[in-house]
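Written out below as structure tokens is the structure these notes cover.
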Amino acid sequence: MVGGMVAGGDDQALSRVPAVERHSWWSVAAQRFGQTTALSQLLLGATLGFGMRFWDAFLALTIGAVLLSAVAIAVGVIGQREGLSTAILSRWTGFGHAGSAVLGLVIALSCTGWFGVQTGLAGATLAATAGVLPVPVWSLLFGVVVTVVAACGVRWMAWTSYVTVPAFLALLVWLVIKNVNDVGVFGSPAPGPAIGMVTAITLVIGSFVVGAAVAPDMTRFHRNGWDVVKQTVLGITAGEWVIGLAGVVLAHGLGTTDVMGVISSSGGWIGALIVVTAVLKINDWNLYSASLGLVNFFDAVFALRISRAQMTVVIGCAGSVLAAAGIVHQFSHFLVLLGVVFPPVAGIMLAEYYVVRRWRNEIISTRPHVPRSAPSWVPATVVIWPASAVIGEFVPFGQSGVNSLVVAFALYVCAGRLDLLRMRTRRATNREMKAA
């Protein structure tokens, strides 16, 4: 049951989530599962299946899911304990006001961009199926629907997941059964060029490392740490297995990685519903996280408290217009580039909260309220954050996201041991940020 949340409320965008507003682990897990059961995971599975035997692909998905779950749980427990979103939490986990403002802006840009890309995909699919309205109109209509859901808050988003997740899974089962009749796919050789195990694991981790890094946006609604573990294992592990393996089976059975072509050829509204349900259950969270990031940005930079719901409407309208104009597809490479900045954030937060603990007592001792002040900025973090992203991206081995997270963690711990984490003044926190 998702109780106590007022439709259209701010969902404690700038304050801690109080105990009375915490949800059952199942309601949050349904939304996490909705994030991981996306078309991107289906495409990932098809890529692995085209270049690997079924059980090798299964192993790669399992190892990748375990590593992703470890990061998501470690960061998510921080969010659950403190009841704060990623951007707000970062003020006391190594970034200060200035760093959290930059982080909030990056989250908003990335999530708004992906919202636009996915909205455009849904619009194009609906236009091709219905044949009545052009793509821009369908994109706008779809964007408006998602915007309304996200603006109404976590309660509406939970119910959306309750509907779209089972619908997408049922449609996916139908797609596999319709197109794959040969049970021999489980023992057949890969139909395409071989993919090595390390490369495969790298692809799996890269597919959701950003989602794992910003886990507090979701886990702040959990009641205890065990709920975080259950939600993460169900959402990430099952998402990787169910959707990823469906892609593997399709690639083996049809000898192609063109999953979108298979969906399109499946006929009429069935194919359209597969795309729409897949996009809807992840796009509301793209918009939700974007709104949290911008609310934090305006509070940190201009000391302005803006309604999360109103900010969601503004971002949703902007993203929908960009999707209708087809502009967002020109920024796909930029959006992928933005993705490399998130893993170091998780590394720094983990290092500060669990190891260095320079500001941990400050944030713990003020529960259930937000601390009255935070560091204005932390110079060492200004160096560690971009340096870790660059190192992780250009190191010629491993997975860039994991590399940058590990490097950021190590550098921050070293900075703490060498007493280099000296803040530049402090800044008062808006008194209105106290939890009700």
Query - Yes/no for ALA128 being part of a helix (DSSP H, G or I), in contact (Cβ under 8 Å) with a residue 24 or more places away in the chain and open to solvent by 10 Å² or more (accessible area, probe 1.4 Å) - result: yes
Query raised in the report: Taking GLY326, is it open to solvent by 20 Å² or more (accessible area, probe 1.4 Å), closer than 30 Å to PHE58 by Cβ, more than 19 Å from the chain's Cα centre (by Cα) and not aliphatic (A, V, I, L, M)?
Result: no
Report summary line: Picking from ARG372, ARG357, the residue that is farther than 18 Å from SER404 by Cβ and at pLDDT 95 or above would be ARG357
Report task. Would you confirm whether any residue within the stretch 285-297 is over 27 Å from VAL137 (Cβ atoms), of a type in the set (Phe, Trp, Tyr), open to solvent by 10 Å² or more (accessible area, probe 1.4 Å) and touching a helix residue (DSSP H, G or I) at 6+ places or on another chain (Cβ under 8 Å)? Result -> yes
Report summary line: Considering the stretch 179-238, residues that are modelled with pLDDT of 90 or more and polar (S, T, N, Q), and then whichever is surrounded by the fewest Cβ atoms within 10 Å (Cβ to Cβ), we arrive at ASN224
Requested in this report: State the number of residues belonging to the stretch 248-266 that are more than 23 Å from LEU126 (Cβ to Cβ) and not hydrophobic (A, V, I, L, M, F, W, C).
Outcome: 5
Requested in this report: Select from the stretch 96-124 the residues that are open to solvent by 10 Å² or more (accessible area, probe 1.4 Å) and aliphatic (A, V, I, L, M) and list them in ascending order.
Outcome: ALA98, VAL102, LEU105, VAL106, LEU109, VAL117, LEU121, ALA124
Report task. Taking the options ILE270, ILE263, ILE243, name whichever one is under 26 Å from PRO343 (Cα atoms) and out of contact with any His (no Cβ under 7 Å at 6 or more places or on another chain). Result -> ILE243
Query raised in the report: What about VAL378, is it exposed (fewer than 14 other Cβ atoms within 10 Å of the Cβ), modelled with pLDDT of 90 or more and more than 18 Å from VAL214 (Cα to Cα)?
Result: no
**Report entry** All positions within the stretch 381-415 that are small (Gly, Ala, Ser) and modelled with pLDDT under 95
**Finding:** ALA389, GLY392, GLY398, SER400, GLY401, SER404
Report task. Hey, could you check the stretch 10-55 for residues that are of a type in the set (D, E, K, R) and either out of contact with any helix residue (DSSP H, G or I) (no Cβ under 7 Å at 6 or more places or on another chain) or without any contact (Cβ under 8 Å) to a residue 40 or more places away in the chain (or both) and say which is surrounded by the most Cβ atoms within 10 Å (Cβ to Cβ)? Result -> GLU21
Query raised in the report: Being without any contact (Cβ under 8 Å) to a residue 24 or more places away in the chain, over 17 Å from the mean Cα position of the chain (by Cα) and surrounded by fewer than 24 Cβ atoms within 10 Å (Cβ to Cβ), is that true of even one residue in the stretch 152-160?
Result: no
Requested in this report: Find all pairs meeting these conditions: Cβ atoms under 9 angstrom apart; at least six residues apart or on different chains; first residue within the stretch 379-392 and aromatic (Phe, Trp, Tyr); second residue assigned to a helix (DSSP H, G or I).
Outcome: TRP385/GLY99; TRP385/VAL102; TRP385/LEU103; TRP385/VAL341; TRP385/PRO344; TRP385/VAL345; TRP385/ILE348; TRP385/ALA408
Requested in this report: Tell me which residues, restricted to the stretch 239-254, are open to solvent by 40 Å² or more (accessible area, probe 1.4 Å) and either under 11 Å from VAL185 (Cα atoms) or of a type in the set (A, V, I, L, M) (or both).
Outcome: VAL242, LEU254
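The values are calculated or read from the model by the stated rules, or taken from the named source; none is laboratory data. Worth saying up front: this structure is predicted, and the values here are computed from it rather than measured. Note that we place each Cβ from the backbone using ideal geometry, even for glycine, and neighbour counts take in every protein chain shown. Ligands, DNA and RNA are stripped out before the accessible areas are found, and what is left, the full protein with its side chains, is counted by its heavy atoms. Shrake-Rupley method; radii C 1.70, N 1.55, O 1.52, S 1.80 Å.
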